[in-house]
Amino acid sequence: MRVIKLNDGTEFELNDAIDAIIQAGQVNLADSEGVFFQRQLEAIETQTYDVLYPDLEARDVFKTNTFGGAGATSSTYRSYDYVGKAQVINARATDLPKPDISGTEHSTYFKSVGVAYDYDVDEVAHASMAGMPLEARKAMAARRGYEEFVNNVVWNGDKASGLRGFFQREGGNSVWQIPQFTVAAGASSKTTWEDKTPDEILADLNGAVNGMYVATLKVFRPTEMWLPVAKWNYINSTPRSPMSDTTILQYFLNNNQFITDRSQVKELNSVAGQGATGSECLVVLNHTSPEGLETVRIREPLPLTYLPVQLHGLVYEIPGRGRFGGLEVTYPDAINIWSGI
């Protein structure tokens, strides 16, 4: 409170609010007293900036085989081999050698994989008022959850369900009998590329690619190479020599007989740390046999399918189901894994 004296000598008390007006020479209004509320002056962008996730790479590099249908519990393919050979005989021989065939069956068992999303009547009303595509966003979240499961199993397997993956091992060995190797040590006595010369790295690349062709007696010609992103960046940016304007990768592509184009060399997050004892590795492979058959594939007889909406009280639920068998390798020799890079 403040007391002022008027011209006639009388005194007048001012309360704090009036005194503040006189002192400041202007009116200060609270939010609740303003002509415009603060939120009325807030500009809200229509574009949303959602959390970003890395690509799920399994479906990008493996074909999906849907043979079997929704009702199949397993799928089996047969593999035949030739046994025996001719021998030198005499003119009166009666026990001529008889080459024959042998066959084996390989089965993959399918599991149901479920996912769902729901929303209640209040959420529908709120979304309608806010103009948000509620159902579409929830469906995308459910789809992402399903694909994350598939992607993880394809690469690493799932022992609990018996679904097998590309890098899965038992007792240190590949569950698919994929040939496993370790690159040779360089002059530094280390195998890692950062500790090797460009010539030594090129020897690793050529050895991995050409080795498959030699080991399979020219049956399989590698058509792709997979590398961890960091290793791909290294050979793509490191010069072939101090005086060269060609990188290690460019020189390799220009001179190798099988991997000749940059599109055949894929940088994959999923390959990182998948070599023996957690080391980095490179993978060389051919997706098809000389007869055009699949050498490796994702087995999914029923892709994710959403069922009709179900009403539970005031909640709408949309269940989804897929049938999935993990990864299947039909020709292990068409794949090589080289660790230690």
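Report, in order of residue number, the helices in the chain meeting two criteria: a C-alpha extent of 18 Å or more along the helix axis, and a mean Kyte-Doolittle hydropathy of at least 0.0; treat each whole DSSP H run as one helix.
Sorted by number, the helices that extend far enough and score high enough are 198-215.
One quarter of the convex hull surface, Cα atoms only: what value does that give for the range 188-341 in nm²?
For the Cα atoms of the range 188-341, the hull's average projected area reads 13.6 nm².
How long are the three semi-axes of the equivalent ellipsoid of the range 274-341, in whole Å, if each is the root of 5 times an eigenvalue of the C-alpha gyration tensor, listed from largest down? Please list the in-between numbers first.
Details: eigenvalues 315, 71, 9 Å².
They are 40, 19, 7 Å, listed from largest to smallest.
Quick one: order Thr295, Thr305 by neighbouring beta-carbon count within 10 Å, fewest to most.
Values: Thr295 19, Thr305 11.
By the 10 Å Cβ count, ascending, the order reads Thr305, Thr295.
Pairs of lysines 8 or more apart, or on different chains, with alpha carbons under 20 Å: count those in the chain, would you?
Number of lysine pairs found: 7.
Lys and Arg at +1, Asp and Glu at -1: add these up for the other residues within a Cβ distance under 14 Å of Ser107 and post the number.
+2
Counting alpha carbon pairs within less than 8 Å and at least 6 residues apart, what relative contact order, in whole percent, applies to the range 204-297?
With pairs under 8 Å counted, the relative contact order is 34 percent.
Can you tell me the relative contact order of the chain? Whole percent, Cα pairs under 8 Å, sequence separation 6 or more.
Dividing the mean separation by the residue count of the chain yields 21 percent.
Give me the distance between the Cα centres of the range 205-252 and the range 68-146, rounded to whole Å.
32 Å
Read through the labelled values (i) 30, 58, 12, 0; (ii) 22, 40, 27, 9, 2, 0; (iii) 21, 36, 22, 11, 7, 2, 1, 0 and report the label of the one computed as P(r) over Cα pairs in 20 Å bins from 0, in percent from the structure.
Computed from the coordinates, P(r) over Cα pairs in 20 Å bins from 0, in percent corresponds to (iii).
Would you calculate the volume per residue, in Å³, of the smallest convex hull containing every Cα atom of the range 150-279?
Here the figure is 125 Å³ per residue.
With unit charges on the beta carbon (Lys/Arg positive, Asp/Glu negative), name the residue among Trp193, Gly103, Ser74 whose Cα is farthest towards the positive pole of the charge dipole of the chain.
Gly103
Treat the count of other C-beta atoms within 10 Å as a stand-in for reagent exposure and order Val315, Val183, Val154, Val51 from fewest to most.
Listing Val315, Val183, Val154, Val51 from fewest to most nearby Cβ atoms yields Val51, Val315, Val183, Val154.
Throughout, read-outs are computed from the coordinates displayed, never taken from laboratory work. This is a predicted model, so every value here is computed, not measured. Don't worry about glycine lacking a Cβ; one is built from the backbone with ideal geometry, like all the others, and counts go over all protein chains shown.
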